[in-house]
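Below is one structure; the comments refer to it alone.
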Amino acid sequence: MSSGSKKPRKQGALSYYLSLPSRWMAERAERKQLRRERNRADNIPKRTILQSIGGTILFPFIAAGDFLGSTFGALGQYATTRNGLYLLQGIPALLVFVGTLALAALAITQSIKSDQLVKHYKDEGDAAFKEATKPDIDAKKKAKMLERAQLCYERWMMLDEKDPEAKFNHARTAHETQDPLAIQTAIAEMTQLAPQNRPGGFEKAHQWLANYFLSQMGAAKDPIAIKQNRDQAEVHLMRVLITDKDDYFSHAQLASLYMQQARFDKAEKHLLVAAQLDKRALADLAKLYARTQQTPKANAYAEQAIAHFQGLVDADPDNLENRFMLADQFVVLKRFQDAINLLEEGIKLNRDPRINKKVSQILLEAMQDIPTDEFEKRLDFFDKAISIDPDNQEAFRFILYYLTQSNPMLQLTQDRIDRALAQTNSPTLHVLLSDFYLKEGKPELARKHLEAVLRSEPKFLAALNNLANVYAMIKPPDYDRALEYINSCLRYSQEQKLGDDSLAYFYDTRGQIYTMRRQWREAAADLEKAIAYGLNSNLQSHTSLLRCYQELNKRDLADEEIRIIAKLREVQEEQAKAAEAEKKK
């Protein structure tokens, strides 16, 4: 310790402590200078921290390089001197070289093997999926093929986790199983592949989701659900076109969506593009212009479509779809007889019942094209349509309108209906007549037609349902008889395994009868089922259910029904405005 660091006397304490910082700094400088001189004497180079880190990282590579250099150098010396000692020193280099070649060969082999396995699992999965989706396959074999396809696609995914097509095929197969959980998983996987909220994604997944939402839209009954599914389908179709602007099916599907909404400008835009890609779109353009009263354009495109489809029909006379498309274009040009002749030629080649229905439909369109003052000529076309297709509901509904007119139309119409019934005794016509008379407030006439149906077909569900309504409407109402018929209808419907749409109407009928009998609890149960099965947009069902909830003092449920009824009325008003706007166009 220096003399300056000795313990101070009391009289010099203040000056001692004040001088401490300067003495400390001087001592530090002295030590630093000594360290520099010592390093210089030892010849130690000054290195930065980064240089030290770099040297540490590169050390293994430098050491390996030195080692390999020396061992390969030893091999070179052996080649010159033939000294076995050099050969022994070069053995590590030989081992490294041979090992590197072996690893490279193994990597290449594994890569080729992996590619071959991917192709194998893809081909096997595709073949199993194709077999499973054949229309005539039995349920047991279909389940087995789907299971095989799923297994193949799962192994493909394990080999190549990043391939979107593997995930797409796996999700598509899972959806085909019809298992509720698998369907939810499939939709989730498709949504990951093709997100709706941003551009990009896997094109096939977008197309699949678009078709899925279109099918959901077709099955939905609620206007709100229909709109939601339609909007989602539209977004996914637009995503496809961002990726591939020349995708014909996306243009055609978007045009169809816009036609349904009477958004003709947008539909025309997509059909014009589609027509450049595939001449099938010419037929849709002709129909679009015919619907919008643009006759010159409609005729021009119909002529082009006729030239295209005539060639297809000549090349393949048995193809009904092409024959139907050609017939539709003759209808656009109002060449009804040409359309009928074309279809009658098809009947000679193919006894498919769809041809008869198509002929009947064209006759009905021809009937509507006849001027109103030639009413008897219209009825002649009605006779022809019914003789070809005795269950043509469109023809029956069209002709029933004239039962509301004054003589002589009323009498002529009644005569034709009586003649049709005498010739065919069509249950469909009897039921439609019962619907008509119920709406007209004539339950006795409705009962007459329904009883005629049940005499020949006692399990005809629509007749049983309508007869229940008849006994609830007559004066005085016979609710017991009404319930007897609707209970039979529901029992037979379970035997026939009907879909939800029919069950919805049958439960609604019984719910309305219970409401009339003031059996609120039973009525509420049936009306809830009717709404769940598909009548969720039926204003009358919701209004009756509201009454039940009010009578049962279920205030929360009643408030919810009030909200739903208000929304349904709002939707109906919007639809009425849209329909009015379309009429003005």
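The values are calculated or read from the model by the stated rules, or taken from the named source; none is laboratory data. Fair warning: this is a prediction, and the values are worked out from it, not measured in the lab. Positions of Cβ are backbone-derived with ideal geometry, glycine not excepted, and every protein chain shown enters the neighbour counts. Just so you know, the surface numbers come from the protein's heavy atoms only, side chains and all, with ligands and any DNA or RNA stripped out. Shrake-Rupley method; radii C 1.70, N 1.55, O 1.52, S 1.80 Å.
Worth pointing out:
- Selection status of ILE386, under 43 Å from the mean Cα position of the chain (by Cα) and under 22 Å from ALA463 (Cβ atoms): yes
- Boolean, GLU234 is over 30 Å from ALA530 (Cβ atoms), in contact with a Lys or Arg (Cβ under 9 Å, 6 or more places away or on another chain) and of a type in the set (Asp, Glu): no
- In the range 565-581, residue modelled with the lowest pLDDT [restricted to those that are closer than 24 Å to SER544 by Cβ and open to solvent by 90 Å² or more (accessible area, probe 1.4 Å)]: GLN575
Per-residue answers, yes or no, for (1) touching a helix residue (DSSP H, G or I) at 6+ places or on another chain (Cβ under 6 Å); (2) within 24 Å of PHE460 (Cβ to Cβ); (3) buried (at least 17 other Cβ atoms within 10 Å of the Cβ):
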| position | (1), (2), (3) |
| --- | --- |
| ASN392 | yes, yes, yes |
| ALA395 | yes, yes, yes |
| ILE399 | yes, yes, yes |
| THR413 | yes, no, yes |
| ALA422 | no, yes, no |
| ASN425 | no, yes, no |
| LEU432 | yes, yes, yes |
| TYR437 | yes, yes, yes |
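- Restricting LYS334, LYS348, LYS358 to those that are basic (Lys, Arg), open to solvent by less than 50 Å² (accessible area, probe 1.4 Å) and more than 26 Å from LEU461 (Cβ to Cβ) reduces the list to LYS358.
- Scan of the range 369-388 for residues that are surrounded by fewer than 20 Cβ atoms within 10 Å (Cβ to Cβ), closer than 20 Å to ARG419 by Cβ and not aliphatic (A, V, I, L, M), ordered by number: GLU374, PHE375, GLU376, LYS377, ASP380, ASP383, LYS384, SER387
- The helices (runs of 4 or more DSSP H) located wholly in the range 287-378 that include 3 or more residues which are closer than 24 Å to MET259 by Cβ and without any contact (Cβ under 8 Å) to a residue 40 or more places away in the chain occupy 295-315, 320-332, 353-369.
- Residues (open to solvent by 60 Å² or more (accessible area, probe 1.4 Å), of a type in the set (Val, Ile, Thr) and under 30 Å from ASN538 (Cα atoms)) located in the range 223-243: ILE224
- Among (1) farther than 28 Å from LYS130 by Cβ; (2) open to solvent by 40 Å² or more (accessible area, probe 1.4 Å), the one test that ALA188 misses: (1)
- Members of the range 122-160 found to be open to solvent by 40 Å² or more (accessible area, probe 1.4 Å), in a helix (DSSP H, G or I), over 16 Å from GLN178 (Cβ atoms) and free of Cβ contacts under 8 Å to residues at least 40 places away in the same chain, listed by number: ASP123, GLU124, ALA127, LYS130, GLU131, ARG148, LEU151, GLU154, ARG155, MET157, MET158
- Count of the range 244-264 residues, restricted to those that are of a type in the set (A, V, I, L, M, F, W, C), open to solvent by 30 Å² or more (accessible area, probe 1.4 Å) and farther than 19 Å from SER215 by Cα, is 0.
- From LEU546, LEU557, LEU503, residue being under 31 Å from the mean Cα position of the chain (by Cα) and within 25 Å of ALA220 (Cα to Cα): LEU503
- Residue in the range 428-436 that is over 19 Å from ILE531 (Cα atoms), of a type in the set (D, E, K, R) and modelled with pLDDT of 90 or more present: no
- Residues that are assigned to a helix (DSSP H, G or I), among the hydroxyl-bearing types (Ser, Thr, Tyr) and either surrounded by fewer than 16 Cβ atoms within 10 Å (Cβ to Cβ) or out of contact with any helix residue (DSSP H, G or I) (no Cβ under 9 Å at 6 or more places or on another chain) (or both), drawn from the range 401-411: TYR401, THR404
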